[in-house]
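A short reminder: the numbers here are calculations on the coordinates, not readings from a lab. This one's a predicted model, so the numbers in the text were calculated from it and none came from an experiment. Backbone-built Cβ (ideal geometry, glycine too); neighbour counts: all protein chains shown.
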Amino acid sequence: MNHKRQVPDNSVCLTSVIAGILCLINLGSTFAFNIIVSLTLLALLSTYMISIGCVLRKRLLGEPLPPARLSLGRFGIPINMFAFFYCGFVMVFACFPAELPVDTSSANWAPAVWAGGLVLSGIIYVVHGRKHYTPPVVFVEGKRA
């Protein structure tokens, strides 16, 4: 951790190297690269929708939000609504195949893999995580029991 800049330098470097290696997949198979990009996009946008949706819900219900360094002020709700629906819009297009006509070898399998990951995660949570999961709010000062 670079405490002067408040940036985890090792994590940034490792992430950059892994992203570069994943980009090399395009040299071997454009089809595999397109699926990886679609799957990554679906995963990122779904997590963005969850976090934006939670903030939007709190704002619409008038519940207090924790203090933040940056505030969108009165434009917060419209910007969060736009971001939430835009993520959903882009997710739909991330599920489309790259070429027509579509057969089993040219289909975009990323939505199936993404949905399978969601189902598997849900099963793991129900079986194990419900009893053993410690939510992050427990580690926040002032919220500890």
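For helix 110-124, report the angle its Cα long axis makes with the longest principal axis of the Cα atoms of the chain; keep it between 0 and 90° and round to the nearest 10°.
50
Please identify the chymotrypsin sites (Phe, Trp or Tyr not before Pro) of the range 66-145 that satisfy two criteria: DSSP loop assignment and at most 11 other Cβ atoms within 10 Å. Which are they?
Listed in order of number, the matching sites are 133.
Please determine, in degrees from 0 to 90 and to the nearest 10, the orientation of helix 9-23 with respect to the longest principal axis defined by the Cα atoms of the chain, where the helix direction is its Cα long axis.
Taking Cα atoms only, the helix is inclined about 20 degrees.
What is the dipole size for the chain, taken about its Cα centre, with +1 at each Lys and Arg Cβ and -1 at each Asp and Glu Cβ, in debye to the nearest 20?
840
With angles folded into 0 to 90 degrees, how steeply does helix 76-94 sit against the dominant principal axis of the chain? Use alpha carbons for both and round to 10.
20
Can you classify the range 33-129 as rounded, prolate or oblate using the Cα gyration tensor, where a ≥ b ≥ c are the square roots of its eigenvalues, rounded means a/c under 1.5, and otherwise it's prolate if a/b beats b/c and oblate if not?
Oblate, since a/c reaches 1.5 and b/c is not below a/b.
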